[in-house]
Amino acid sequence: MHGFDHEHLESISGFLGQYYLALALMNAVAAFYVWHKAQRVWLAGFWAVVSTGYVMLSPLAFGGNGSWWMPTLGTRIEHFVNDMTGPVVYSLGIVCSLSTLFVFRRFFVRPVVAWTGLNLMLLVMGLSMADAAFASIVTKADNVPIVGLIYLLCFFTWLAASRAVENDDRMSRGLPPREKDDNEKVLVWPDLVYTEMICMIVLTAGLIVWAIVLEAPLEEPGSTVKTPNPSKAPWYFLGLQEMLVYFDPWYAGIVLPLTAVGGLMAIPYLDFNKQGNGYYTIEQRKFSYITFQFGFIIIWITLIVLGTFLRGPNWNFFGPFETWDAHKARALSNINVSDWFWRDVMQTSLPKAPSGTGKITELAYIAQREWLGLLTVLGYFMLLPPLMATTVFRKFFVRMGFVRYMIMSNLLLMMATLPIKMVLRWTMNLKYIVYIPEYFLNF
Amino acid sequence: MSPGQWFRNSAASAGDMVRGSQVWKSVFRHPLPLDRRNRIVVMLTNFFLHLHPVSAKKQGIALSYTWCMGGVTFFLFLVETVTGVLLMFYYRPTLEWAYWDITNLRDVISLGILREVHRWGAHAMVITVWLHMYRVFLTGSYKPPREFNWVIGVILLVLTLLLSFTGYLLPWDQLAIWAITVGSNMARAHPIIGHEGPGQQILFVDGVDMITMGTDARFALLGARFVGEETLNRFYILHCVAIPLAAAMLLAIHFWRVRKDGGISGPL
């Protein structure tokens, strides 16, 4: 493919030059802090070297010359990433890396490690911005908040996890959580009121700067006859739109989101664990921590990021450095469970009610046609809860009682339908488990 | 007396005069909150401050514990209200004017960043409300006795998304109408009450299909079969009046319950 987009490099080089200077400043401050406050000279020296490295990158980026030392990832890496990534690698990659972060959280919450991680994220981001396709999608006005969201979530997840690890350590030594220490009452004026005022001022200033720097998007006047490709919902609903790849709208757009809202509301009534009330901890509430993180970070946020940055025309998947080409072809050969059973296994055609029969006969034929899928779904929702109650969730069932346990297990099973359907689609090209288009009931 | 001293003295006596006046005393019923007594009194007598308790646990109000995300969300709600009212002065929700009023807001009207502050504030509010929920979950603050306040919080989260969603349509550009089309198309697949939803045949009375394109859930949302002028009007009213009123009501209950359920959470 062609080398560098010189027009793009010219337009972004000023920003990138300043960006690397900002990173240099950030690390210089860190070096000073480590040297001055923590008295760790070697570590301070290391961050000073990192800072110097960014200072040296800055003029190269300012130069913006693709054939002379412009800091980029390089086309080979970019092509490799494009070729490697797809919905499967993306989703599984995130699940694997987040699981690694969770299992080795004791290591990853250490400030040095976290700071290194932040530096790597920011560096890769800067290098990627030299790519025209990447920059155009990331700097799209409505996408900027999502970039911010990613960094904010990384930061706050780290903050919460590091406090949880600290508390878990303390509690394993028989000490109370940190929140209990140093807990005398203070007057809200001035201790809280001043914090709030500073927050308001910083926020107002930040919002005004953001508003001046970044213009709100306004495309051409709305026209109901000119459909844009891709047509995307507002960014916070793109996770739901991504689910439409795997489910029909009645499930992905209505039933799953309503269940998610109901499930969120039910959390305090289902979580019978009395520990972990009012302080950060992971050890004392591992199950609820993992479940919530799975629903929030993996299903909700990951799919939003996928739908925003990696889904282009016709909702096709595009690598982060790939130009959105409306003519990218995608082979579609997904099959339904009923097709598989009757055509491939039984080697006959699908059962079909003779024309002119009544409703009841028609339903009977549909039931015959879809029996395998219907049984699978019914079994999933009706057999699994009692099965789990006698095995993995035995303690839960005893503690929660029948009603609460049934609600919790069904909510969990509903949440699990999405990853299960995703895996089935990737591995077996499964389209629908139950396919009843006569009643719009495809699952 | 040096000029500096003279200036300080007169400023101090002018301050005393203002604070001693009947007008000042009618507004603020106590001296400046400089000592312990008046720092307590100010929290009890000021309407805006009485949202807070007089005192709180030091760790409970630490930024590293609360992240201040609930407060930031509320502040953004206020920013949205103020900028929203200002925007309403300029904006007419009709097919003829909506788009051009937005271009005028950008090109003609002074303080041309009004729409930007409103839009970025709205995006930020969606993010901060998620982060607030995230923090409340991670500290287990939804646990008894705060269960019900978590439920109200979830409703407020949904209202925040709906506020943002209804506002997305108002600029009436390509981005707006197609995002709303994609989003609202879900409603026609609503089970039973959407005309392409499973079970819509159930409401089939005397040979008449009750759920059609002109009667289903999406029609109720859009006020028409497709995103059009009726939709613009409907979303405008939802965005500017109906949802903000509901949200304000629930916010009041949310804050009140924070106090009644024992203040900011902390280890027992």
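Annotations
- First in region B:89-107 and assigned by TED's automatic domain parsing to the domain that holds B:Asp173 and hydroxyl-bearing (Ser, Thr, Tyr), second anywhere and modelled with pLDDT of 95 or more and in a loop (DSSP other than H, G, I, E, B), Cβ under 9 Å, 6 or more apart: B:Tyr91/B:Trp97; B:Tyr91/B:Leu170; B:Tyr99/B:Pro171; B:Tyr99/B:Trp172
- Scope region A:275-292; condition within 7 Å of chain B (Cβ to nearest Cβ) and among the charged types (D, E, K, R); matching residues: A:Arg285
- Selection count where residues are under 20 Å from A:Leu270 (Cβ atoms), assigned to a helix (DSSP H, G or I) and more than 7 Å from every other protein chain (Cβ to nearest Cβ), scope region B:136-161: 7
- Lone qualifier among A:Leu218, A:Leu207 - being closer than 30 Å to B:Ile113 by Cβ, open to solvent by 30 Å² or more (accessible area, probe 1.4 Å) and either more than 7 Å from chain B (Cβ to nearest Cβ) or among the aliphatic types (A, V, I, L, M) (or both): A:Leu218
- Breaking point among (1) open to solvent by 20 Å² or more (accessible area, probe 1.4 Å); (2) more than 10 Å from every other protein chain (Cβ to nearest Cβ); (3) part of a helix (DSSP H, G or I), for B:Met133: (2)
- Members of region B:50-62 found to be at the interface with chain A (Cβ under 7 Å from one of its Cβ atoms) and out of contact with any Lys or Arg (no Cβ under 9 Å at 6 or more places or on another chain), listed by number: B:Ile61
- Of the criteria (1) over 16 Å from the mean Cα position of the chain (by Cα); (2) more than 11 Å from chain A (Cβ to nearest Cβ); (3) open to solvent by less than 60 Å² (accessible area, probe 1.4 Å); (4) among the hydrophobic types (A, V, I, L, M, F, W, C), which one B:Trp256 fails: (3)
- Check on A:Lys359, more than 30 Å from B:Phe204 (Cα to Cα) and surrounded by fewer than 19 Cβ atoms within 10 Å (Cβ to Cβ): no
- Checked against (1) at the interface with another protein chain (Cβ under 7 Å from one of its Cβ atoms); (2) closer than 30 Å to A:Thr323 by Cβ; (3) without any contact (Cβ under 8 Å) to a residue 40 or more places away in the chain, A:Val225 meets all criteria but (1).
- Filter result (of a type outside the set (Gly, Ala, Ser) and outside any helix (DSSP H, G or I)) within region B:54-90: B:Val54, B:Lys57, B:Lys58, B:Gln59, B:Ile61, B:Trp67, B:Cys68, B:Phe89, B:Tyr90
- Some residue of region A:29-39 being buried (at least 17 other Cβ atoms within 10 Å of the Cβ) and in contact with a strand residue (DSSP E or B) (Cβ under 9 Å, 6 or more places away or on another chain): no
Here's the yes/no breakdown for (1) over 20 Å from B:Thr66 (Cβ atoms); (2) in contact with a Pro (Cβ under 6 Å, 6 or more places away or on another chain); (3) at pLDDT 95 or above; (4) not polar (S, T, N, Q):
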position	(1), (2), (3), (4)
B:Met133	no, no, yes, yes
B:Leu138	no, no, yes, yes
B:Glu147	no, yes, yes, yes
B:Val154	no, no, yes, yes
B:Val158	yes, no, yes, yes
B:Gly167	yes, no, yes, yes
B:Pro171	yes, no, yes, yes
B:Ala179	yes, yes, no, yes
B:Met186	yes, yes, no, yes
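- Qualifying residue in region A:366-374 (condition: within 14 Å of another protein chain (Cβ to nearest Cβ) and outside any helix (DSSP H, G or I)): yes
- One residue from B:Ala179, B:Ala98 being of a type in the set (A, V, I, L, M, F, W, C), within 7 Å of another protein chain (Cβ to nearest Cβ) and surrounded by 22 or more Cβ atoms within 10 Å (Cβ to Cβ): B:Ala179
- Residue within region A:115-128 that is within 19 Å of the chain's Cα centre (by Cα) and farther than 18 Å from A:Trp47 by Cβ present: yes
- Single residue of region B:197-219 satisfying the filter (touching a residue at least 24 places away in the same chain (Cβ under 8 Å) and of a type outside the set (Lys, Arg)) that is nearest to the other protein chains (Cβ to nearest Cβ): B:Ala217
- Of all the numbered requirements in (1) without any contact (Cβ under 8 Å) to a residue 40 or more places away in the chain; (2) more than 30 Å from A:Arg369 (Cα to Cα), A:Gly319 misses one, and that requirement is (1).
- Pair list, Cβ < 6 Å and 6+ apart or interchain, from region A:115-129 residues that are in contact (Cβ under 8 Å) with a residue 24 or more places away in the chain to residues that are among the polar types (S, T, N, Q) and open to solvent by less than 40 Å² (accessible area, probe 1.4 Å): A:Leu127/A:Thr72
The values are calculated or read from the model by the stated rules, or taken from the named source; none is laboratory data. Here the structure is a predicted model, which is why all the values come from computation and not from measurement. Neighbour counts are summed over all protein chains in view; Cβ atoms, including those assigned to glycine, are modelled from backbone coordinates with ideal geometry. SASA here: full protein model, heavy atoms, side chains in, ligands and nucleic acids out. Shrake-Rupley method; radii C 1.70, N 1.55, O 1.52, S 1.80 Å.
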